[in-house]
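Heads up, the thing below is written out as structure tokens.
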Amino acid sequence: MSRISITQLFEEKQQKLTLTWEGGRDGGDRQLDDDAIARSTQGIIGHLNFIHPNWIQVLNDPEADYLNQLDPVSLRQNMERLAQSNLWCIIVAGGAPVPASIKIFADSTHTPLFCSPHSSLEVIWILRPYLGRALAPSSSRHGVLLDVLGMGVMITGESGVGKSELALELVSRGHGLVADDVVELYRIAPETLEGRCPPMLRDFLEVRGLGMLNIRTIFGETAVRRKKNMKLIVHLQKPNSVDFNSLERLPINDVTENILDVNIRKVIIPVAAGRNLAVLVEAAVRNYVLQLRGIDSAQEFLARHQQEMENQENDKNLENEP
């Protein structure tokens, strides 16, 4: 589960947004997680809205003026609506003065109240993608995630099939390591999965017979990546596997794997003695890049084969004509 606390948000964005904590200091331990967001119909962040309240309500001069002009009855009703909503925190942006009603509300309900000299649009623009990443739905997969030719590639397969050895070979060829053994995947956009490495395993690659290798120390800073969007899965298939004999020599239909409701292209490579798996992975990545550009080698070959058969059939018909 992905979660973030008020204190964490304040500390990580305090310098960027010049945030000051003006009220509701007792609410710093409030947590926001992806499950709560998924169950709620509220937006994560937006301008002050009493009808469809956001988790984070942002005020600027117009919203502050509106609150100051409300009669006591209307003001009390609106404050009650805020109290009944899943309000996480309030941000007064643009250097606007904090309305007295908001300050009293924040302190009485222990709702964190921040102020920022930046405009409300800039505050929302900076915090929305930040919260989207911090609260993205997540999952873990066993494998090795690498940056191969600029594309995030996760190598999967049974234990002992040679995933780490293949990763070491690819790193030695100039590609980058993201995560070994445990790959944390976050759905940061509707069709995008971002792969990260757990802090404990960062920079390390475990190879049978060699133990733990610090890739950053051995190969340098350019040999590791903090994160990478995963676009391709390369699955290593053992020769004695049940599915080994069912692999197509000329696959026509694309194979995909669904992770967090995102379909990721999958390539299955049989593992056998004498096969250069690093070259095969690079070729798979290059071929996938071409397919994304509309160039499909398999379809081109099938079209050429079909054309050749039609030409032979036409030649045969011409020979049979009187």
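The values are calculated or read from the model by the stated rules, or taken from the named source; none is laboratory data. Note that this is a predicted model, so its numbers are computed, not measured. All Cβ positions, glycine included, derive from the backbone under ideal geometry; neighbour counts span all protein chains shown.
Among the residues of the range 1-55, count how many are outside any strand (DSSP E or B), under 19 Å from the mean Cα position of the chain (by Cα) and among the β-branched types (V, I, T).
Final tally of qualifying residues: 2.
Among the residues of the range 98-110, are any touching a Pro at 6+ places or on another chain (Cβ under 9 Å) and in a loop (DSSP other than H, G, I, E, B)?
no
May I ask you to list the residues in the range 168-207 that are among the charged types (D, E, K, R) and part of a strand (DSSP E or B)?
D180, D181, E184, R187, E194, R196, E206
Mind counting the residues in the range 182-206 that are within 16 Å of D147 (Cβ to Cβ) and either buried (at least 23 other Cβ atoms within 10 Å of the Cβ) or touching a Cys at 6+ places or on another chain (Cβ under 9 Å) (or both)?
Taking the range 182-206 and keeping what is within 16 Å of D147 (Cβ to Cβ), we get 183-185, 192-197, 202-203, 205.
Imposing the further condition that a residue be either buried (at least 23 other Cβ atoms within 10 Å of the Cβ) or touching a Cys at 6+ places or on another chain (Cβ under 9 Å) (or both) reduces the set to 183-185, 193, 195, 197, 203, 205.
The qualifying residues number 8.
Output the residues belonging to the range 123-167 that are in a loop (DSSP other than H, G, I, E, B), touching a residue at least 24 places away in the same chain (Cβ under 8 Å) and either of a type in the set (V, I, T) or at negative phi (or both).
L135, A136, P137, E158, V161
Residues of the range 97-117 being surrounded by 19 or more Cβ atoms within 10 Å (Cβ to Cβ) and not β-branched (V, I, T), which ones?
Of everything in the range 97-117, those that are surrounded by 19 or more Cβ atoms within 10 Å (Cβ to Cβ) and not β-branched (V, I, T) turn out to be P99, F105, A106, P112, L113, F114, C115, S116.
Out of (1) among the polar types (S, T, N, Q); (2) within 15 Å of L135 (Cα to Cα); (3) in contact with a strand residue (DSSP E or B) (Cβ under 8 Å, 6 or more places away or on another chain); (4) at pLDDT 90 or above, the odd one out for Q57 is which?
(2)
Please go through (1) on the phi > 0 side of the Ramachandran plot; (2) in the same structural domain as I90 (by TED's automatic domain parsing) for F114 and return the number of the only condition it doesn't satisfy.
Going through the list (1) on the phi > 0 side of the Ramachandran plot; (2) in the same structural domain as I90 (by TED's automatic domain parsing), F114 breaks only (1).
Need pairs with beta-carbon distance below 7 Å; first residue under 13 Å from A134 (Cβ atoms) and without any contact (Cβ under 8 Å) to a residue 40 or more places away in the chain and within the range 1-30, second among the hydrophobic types (A, V, I, L, M, F, W, C) and part of a helix (DSSP H, G or I); sequence gap 6+ or separate chains.
none
What pairs can you find where one residue is in the range 230-247 and among the polar types (S, T, N, Q) and surrounded by 10 or more Cβ atoms within 10 Å (Cβ to Cβ), the other is modelled with pLDDT of 75 or more and in a strand (DSSP E or B), and their Cβ atoms are less than 8 Å apart, with a gap of 6+ or different chains?
Close Cβ pairs (under 8 Å, with a partner that is modelled with pLDDT of 75 or more and in a strand (DSSP E or B)) amount to Q237/G157; Q237/I268; Q237/I269; Q237/P270.
Could you tell me whether the range 66-85 includes any residue that is aromatic (F, W, Y), buried (at least 16 other Cβ atoms within 10 Å of the Cβ) and either assigned by TED's automatic domain parsing to the domain that holds C115 or touching a residue at least 12 places away in the same chain (Cβ under 8 Å) (or both)?
Looking only at the range 66-85, we keep the residues that are aromatic (F, W, Y), and these are 66.
From the residues that got through so far, the ones that are buried (at least 16 other Cβ atoms within 10 Å of the Cβ) too are none.
No, because not a single residue in the range 66-85 is aromatic (F, W, Y), buried (at least 16 other Cβ atoms within 10 Å of the Cβ) and either assigned by TED's automatic domain parsing to the domain that holds C115 or touching a residue at least 12 places away in the same chain (Cβ under 8 Å) (or both).
In the range 264-290, which residues are farther than 17 Å from L166 by Cβ and without any contact (Cβ under 8 Å) to a residue 12 or more places away in the chain?
Scanning the range 264-290 gives N287, L290.
Looking at the structure I just gave you, is S172 more than 16 Å from L213 (Cα to Cα) and either surrounded by fewer than 18 Cβ atoms within 10 Å (Cβ to Cβ) or assigned by TED's automatic domain parsing to the domain that holds Q84 (or both)?
no
Looking at (1) among the acidic types (D, E); (2) touching a residue at least 12 places away in the same chain (Cβ under 8 Å); (3) over 23 Å from I4 (Cα atoms), which is the only condition D107 fails?
Here D107 meets the rest and fails (3).
Could you look through the range 81-97, keep only residues that are assigned to a helix (DSSP H, G or I) and under 17 Å from G46 (Cβ atoms), and pick out the one that is nearest to the chain's Cα centre (by Cα)?
Looking at residues that are assigned to a helix (DSSP H, G or I) and under 17 Å from G46 (Cβ atoms), I get L82.
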